[in-house]
Amino acid sequence: EVTAIDTAALGDLPESSLSESLFRASLPKFDELRRLDAVDYRTVAGLKHAYLHAKFEAFRTAGHADDPLWQDFLAFIDRGGAALERFATFRALETRQSSPWRSWGGGLSDSGSTAVATFAAQEPLMLGYEYFCQWLADRQLAAAARRAAAAGLTLGLYRDLAVGCAPDGAEAWACSGAFAAGASIGAPPDPFSAAGQNWNLPPPNPLSMAANGFAAFHTLIAANMRHAGILRIDHVMALTRLFWVPDGARTSEGAYVAYPRDALLAELALESRRRGCTVIGEDLGTVPEGFREELAD
């Protein structure tokens, strides 16, 4: 989200009279926002989007083949590939819709449809802006990691991988076949919660995981290890089982579904070695017997 981008740290990018005036006008507004007791995300995002749109236009207009920054931007898009394109397409579509993606008409709820491909082809500037924001965020995260290392943070940045994705977000839309329909994940009744928990997150489909050679899981892990020295995996028991709750059922009526533990652990270990990234598993909850020992091994 653009709220994480430091708009005051873009001095190496081209300016325009519009971007300069928007930046100056935003400074007193940001001062007011800093004095609030809570973050006003909507207002912050609005101010930053206005400035970043102008900044993108200045960057796009000035960009040329031998500019190192322009080359870096294009290389970032190339590395992101189809996954980045789908994310950018979702973000662009979301600005045109007034409801969650599952109710989008005209074939737009299917990320692989002709309607979606046509939209992406017709709106290159909208997608370009989303690429630009992702590039800025990635550059700033990388810079933060370098500064931290230079300051003596020997273990590096500590990132967190959530147990699931938002059902109305880009990942669920772009990879809908990777998730099971008609259920959500949670936790069974236990001393912490006598009624159990329903987290309203779509369950990853273990059969789909295996069918694509665990490529989606590998990509997820690699993306979250980027610029990190440590990755914390929320509810690490998901590597071996998840508690599924059918839609409309009580949490106590859910059941555990097994996941391909050995394959997932192998992918995790390989990527940890490849990235030089330590992995910490959060095991708060009902842990299968012997699972902690398997993780330690």
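The values are calculated or read from the model by the stated rules, or taken from the named source; none is laboratory data. All of these numbers come straight from a predicted model, not from anything done at the bench. Note that we place each Cβ from the backbone using ideal geometry, even for glycine, and neighbour counts take in every protein chain shown. The area values use the complete protein model at the heavy-atom level, side chains included, leaving out ligands, DNA and RNA. Shrake-Rupley method; radii C 1.70, N 1.55, O 1.52, S 1.80 Å.
Taking (1) over 17 Å from the mean Cα position of the chain (by Cα); (2) part of a helix (DSSP H, G or I); (3) touching a residue at least 12 places away in the same chain (Cβ under 8 Å) in turn, GLN140 satisfies each apart from (1).
Can you tell which of THR114, THR118, THR95 is of a type in the set (Val, Ile, Thr) and within 23 Å of PHE59 (Cα to Cα)? Unique residue meeting the criteria: THR95. For GLY128, the conditions (1) open to solvent by less than 20 Å² (accessible area, probe 1.4 Å); (2) more than 23 Å from MET225 (Cβ to Cβ); (3) touching an Asp or Glu at 6+ places or on another chain (Cβ under 6 Å) are fulfilled apart from (3). Looking only at segment 40-50, decide whether some residue is farther than 16 Å from VAL2 by Cβ, of a type outside the set (Gly, Ala, Ser), out of contact with any strand residue (DSSP E or B) (no Cβ under 7 Å at 6 or more places or on another chain) and free of Cβ contacts under 8 Å to residues at least 12 places away in the same chain. For segment 40-50, residues farther than 16 Å from VAL2 by Cβ, of a type outside the set (Gly, Ala, Ser), out of contact with any strand residue (DSSP E or B) (no Cβ under 7 Å at 6 or more places or on another chain) and free of Cβ contacts under 8 Å to residues at least 12 places away in the same chain: absent. Which residues, taken from segment 185-239, are open to solvent by 50 Å² or more (accessible area, probe 1.4 Å), among the aromatic types (Phe, Trp, Tyr) and in contact with a helix residue (DSSP H, G or I) (Cβ under 7 Å, 6 or more places away or on another chain)? Of everything in segment 185-239, nothing turns out to be open to solvent by 50 Å² or more (accessible area, probe 1.4 Å), among the aromatic types (Phe, Trp, Tyr) and in contact with a helix residue (DSSP H, G or I) (Cβ under 7 Å, 6 or more places away or on another chain). One residue alone among THR3, THR43, THR89 is at pLDDT below 95 and assigned to a helix (DSSP H, G or I), and that residue is THR3.
Just one of the numbered conditions (1) among the hydrophobic types (A, V, I, L, M, F, W, C); (2) part of a helix (DSSP H, G or I); (3) open to solvent by less than 60 Å² (accessible area, probe 1.4 Å) is not true of VAL279: (2). Looking for something part of a helix (DSSP H, G or I), touching a Ser or Thr at 6+ places or on another chain (Cβ under 9 Å) and under 30 Å from GLU20 (Cβ atoms) - is there at least one such residue anywhere in segment 106-127? Yes, segment 106-127 has at least one match. Taking first residues from segment 68-94 that are closer than 23 Å to ILE221 by Cβ and partners that are open to solvent by 50 Å² or more (accessible area, probe 1.4 Å), the Cβ contacts under 7 Å between residues at least 6 apart in sequence or on separate chains come to ALA83/THR219; LEU84/GLN134. Residue check: is GLY11 open to solvent by 70 Å² or more (accessible area, probe 1.4 Å), within 25 Å of ALA143 (Cα to Cα) and either of a type outside the set (Asp, Glu) or touching an Asp or Glu at 6+ places or on another chain (Cβ under 9 Å) (or both)? Yes, satisfied. For segment 87-99, the set of residues classified as open to solvent by 80 Å² or more (accessible area, probe 1.4 Å) and either in contact with a Pro (Cβ under 8 Å, 6 or more places away or on another chain) or not small (Gly, Ala, Ser) (or both) consists of THR95, ARG96, listed by residue number.
Check THR118, THR95 and return the single one that is under 23 Å from VAL2 (Cβ atoms) and of a type in the set (S, T, N, Q).
Details: THR118 fails: under 23 Å from VAL2 (Cβ atoms).
Of THR118, THR95, the one residue that is under 23 Å from VAL2 (Cβ atoms) and of a type in the set (S, T, N, Q) is THR95.
When the residues of segment 55-82 are narrowed to those that are among the aliphatic types (A, V, I, L, M) and surrounded by fewer than 17 Cβ atoms within 10 Å (Cβ to Cβ), which ends up nearest to the chain's Cα centre (by Cα)? Give the derivation first.
Residues of segment 55-82 that are among the aliphatic types (A, V, I, L, M), as a first pass: 58, 62, 65, 69, 74-75, 77, 82.
Subsequent filtering for residues that are surrounded by fewer than 17 Cβ atoms within 10 Å (Cβ to Cβ) retains 62, 65, 69, 74-75, 82.
Details: ALA62: 29, ALA65: 30, LEU69: 24, LEU74: 20, ALA75: 20, ALA82: 15 Å.
Restricting to residues being among the aliphatic types (A, V, I, L, M) and surrounded by fewer than 17 Cβ atoms within 10 Å (Cβ to Cβ), the top hit is ALA82.
Annotation for segment 166-182: no member residue is farther than 24 Å from GLU94 by Cβ, open to solvent by 60 Å² or more (accessible area, probe 1.4 Å) and more than 19 Å from the chain's Cα centre (by Cα). None of LEU52, LEU33 is open to solvent by less than 80 Å² (accessible area, probe 1.4 Å), in a helix (DSSP H, G or I) and in contact with a Cys (Cβ under 8 Å, 6 or more places away or on another chain) except LEU52.
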